[in-house]
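Peer 1: Let me give you the structure first, and then I'll get to my questions.
The values are calculated or read from the model by the stated rules, or taken from the named source; none is laboratory data. Please read these numbers as outputs of a predicted model, since none were measured by experiment. Heads up, the Cβs are rebuilt from the backbone with ideal geometry, glycines too, and the neighbour counts pull from every protein chain shown. Just the protein is used for accessible areas: all its heavy atoms, side chains included, with ligands, DNA and RNA removed. Shrake-Rupley method; radii C 1.70, N 1.55, O 1.52, S 1.80 Å.
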Amino acid sequence: MTATRALGWLSLAALAIGIGWGLGLAPREETQGNVQRIMYVHVPSAIVAEYIACPLIFFASVGYLWKRRAEADRLAHASAEAGVVFMALTIITGSIWGKPTWGTWWTWDARITSVSILLLMFIGYLLLRAATDEPERAANYAAVLGIVLALNVPLVHFSVYWWRTLHQPPSMLKPGPMTLSPEIVRPLLINILAYAILFAYFVAKRVRILKTEAEAMA
Amino acid sequence: MMPDHWGFVAMAYGLAAVVLGGYWRRLARLEREVAAPRTRSRAAR
């Protein structure tokens, strides 16, 4: 069994535990009721997209512009493609949670708007790659856009502090003591781990496909 | 306290399965597509 395939099976096992815990074992939250269980999908996908995919794109893009190594470009490309999936999932599940909790599917809140801009930049990154015929030029343009895209993450993270927003401030990625109860933190951490492994599987597999495509074209 | 809204929970988990499963299947299809010419060229040799 290859390492990538093992990663795939591991992600499925972790997801099964995470879903079971989030939907079954985790207690019903006092204020929000069962709608809070959507957070076991929303928060992990947001963390993977913003704090794993974006830094990977940033460092791989800087690495490509510096060393001109095709491996770095393939890593940035794969991370952006998998990142767009998790970013879209963040917005979809956030919207579904927002309807029963805030009474609306959508609002032009600073966090939601900045995350949506980030999603559009992810899509733009992939469109730019697809629209540029010459692979080296596509890699150069994408690397520059990849760096700009990743630099938006601090704006997304601090948007809840810098502007008055409906979206609550971070419960986990913040200085000071944790405000969540351990009964909620444990399934959340399991799901974050499961989503991170799934992301790693997606990226590893996509990198391998991109490498095979490049070898076939050479 | 808010009502349960299990429908919203099911919608969120269902859409997550569709989105993540859809990308999983796309990668599997792409892998098959890039592997096919290699298999053919190896067989021709």
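Peer 1: Which of A:L119, A:W102, A:A49 sits closest to the plus end of the dipole of the stretch A:27-172, meaning its Cα is farthest towards the positive end, when Lys and Arg get +1 and Asp and Glu get -1 on the C-beta?
Peer 2: Farthest towards the positive pole: A:W102.
Peer 1: Taking each residue of A:3-11 in turn, how many C-beta atoms of other protein chains fall within 10 Å of its C-beta, and what is the average?
Peer 2: Partner Cβ neighbours, averaged per residue: 1.
Peer 1: Taking the Cα of A:T107, stepping 7 Å toward and past its beta carbon, and measuring to each backbone N in the stretch A:150-184: which are under 17 Å?
Peer 2: In the stretch A:150-184, the label zone of A:T107 (backbone N under 17 Å from the point 7 Å along Cα→Cβ) covers A:159-170.
Peer 1: Per-residue Cβ counts within 10 Å, from other chains only, averaged over A:204-213: what number is that?
Peer 2: 3
Peer 1: Near A:K205, which lysines are there with a Cα under 30 Å away, not counting those fewer than 8 places off in the same chain?
Peer 2: A:K67
Peer 1: Could you go through the stretch A:147-163 in sequence order and give the Karplus-derived ³J(HN,Hα) for each residue, using 6.51 cos²θ - 1.76 cosθ + 1.60 with θ = phi - 60°, rounded to whole Hz, and x for Gly and Pro?
Peer 2: Computed from phi, the couplings for the stretch A:147-163 are 5, 4, 4, 5, 5, 7, 4, x, 4, 5, 4, 8, 4, 6, 9, 7, 10 Hz.
Peer 1: Subtract the Cα-Cα distance of A:Y141 and A:R28 from 0.36 nm times their separation in residues, and report this length gain in nm to one decimal.
Peer 2: Numbers: separation 113, 0.36 × 113 = 40.68 nm, distance 4.76 nm.
Roughly 35.9 nm would be gained on extension.
Peer 1: Provide a whole-number value for the mean count of partner chain Cβ atoms within 10 Å of the Cβ atoms in peptide B:20-28.
Peer 2: Mean shielding by partner chains, rounded to a whole number: 5.
Peer 1: Here's a follow-up. Pull up all non-local amide H partners of A:G33: gap of 5 or more, or a different chain, and H-to-H distance under 5 Å with H placed in the peptide plane.
Peer 2: Long-range HN contacts for A:G33: B:M2.
Peer 1: Which whole-Hz couplings ³J(HN,Hα) result when phi for each residue of the stretch B:3-11 is put into the Karplus expression 6.51 cos²θ - 1.76 cosθ + 1.60, θ = phi - 60°, listed in order with x for Gly and Pro?
Peer 2: 3J(HN,Hα) across the stretch B:3-11, in whole Hz: x, 5, 6, 4, x, 5, 5, 4, 4.
Peer 1: How much length, in nm to one decimal, is gained on full extension between A:T132 and A:S171, taken as 0.36 nm per residue of separation minus their Cα-Cα distance?
Peer 2: 9.9 nm
Peer 1: Would you work out the charge dipole size for the protein assembly as shown about its Cα centre, treating the Cβ of every Lys and Arg as +1 and the Cβ of every Asp and Glu as -1, and quote it to the nearest 20 debye?
Peer 2: In debye, rounded to 20, the protein assembly as shown gives about 860.
Peer 1: So, for the stretch A:87-218, what is the accessible surface per residue at a probe of 1.4 Å, expressed in square angstrom?
Peer 2: Values: 6660 Å² over 132 residues.
On a per-residue basis, the stretch A:87-218 sits at 50 Å².
Peer 1: Using only protein heavy atoms and a 1.4 Å probe, how much accessible area in total is buried between A and B, to the nearest 100 Å²?
Peer 2: Using a 1.4 Å probe on protein heavy atoms, the buried area is about 2900 Å².
Peer 1: Oh, and also: Near the amide H of A:T132, under 5 Å away, which other amide H atoms are found, from residues 5 or more places off or on another chain, if H is placed in the peptide plane?
Peer 2: Those lying under 5 Å, H to H, from A:T132: there are none.
Peer 1: With springs connecting C-alpha atoms under 10 Å apart, model chain A as a Gaussian network and identify which of A:P100, A:P177, A:P44 has the largest mean-square fluctuation.
Peer 2: Largest GNM mean-square fluctuation: A:P177.
Peer 1: Only Cα pairs within less than 10 Å get springs; with that Gaussian network setup on chain A, which residue of A:A70, A:A78, A:A46 has the largest fluctuation?
Peer 2: Looking only at A:A70, A:A78, A:A46, the biggest GNM fluctuation is shown by A:A70.
Peer 1: Dipole size in debye (nearest 20) for the stretch A:26-131 around its Cα centre, Lys and Arg Cβ +1, Asp and Glu Cβ -1?
Peer 2: Magnitude of the dipole: close to 260 debye.
Peer 1: Also: Short version: ³J(HN,Hα) in whole Hz for each residue of the stretch A:109-114, in order, from phi by Karplus 6.51 cos²θ - 1.76 cosθ + 1.60 (θ = phi - 60°), x for Gly and Pro, what are they?
Peer 2: Ordered by residue, 3J(HN,Hα) equals 7, 4, 5, 5, 5, 5 Hz.
Peer 1: Here is a follow-up. Comparing A:F199, A:F58, A:F158, which has the greatest mean-square fluctuation in the GNM of chain A with Cα pairs linked when under 10 Å apart?
Peer 2: Judging by the Gaussian network model, the answer is A:F158.
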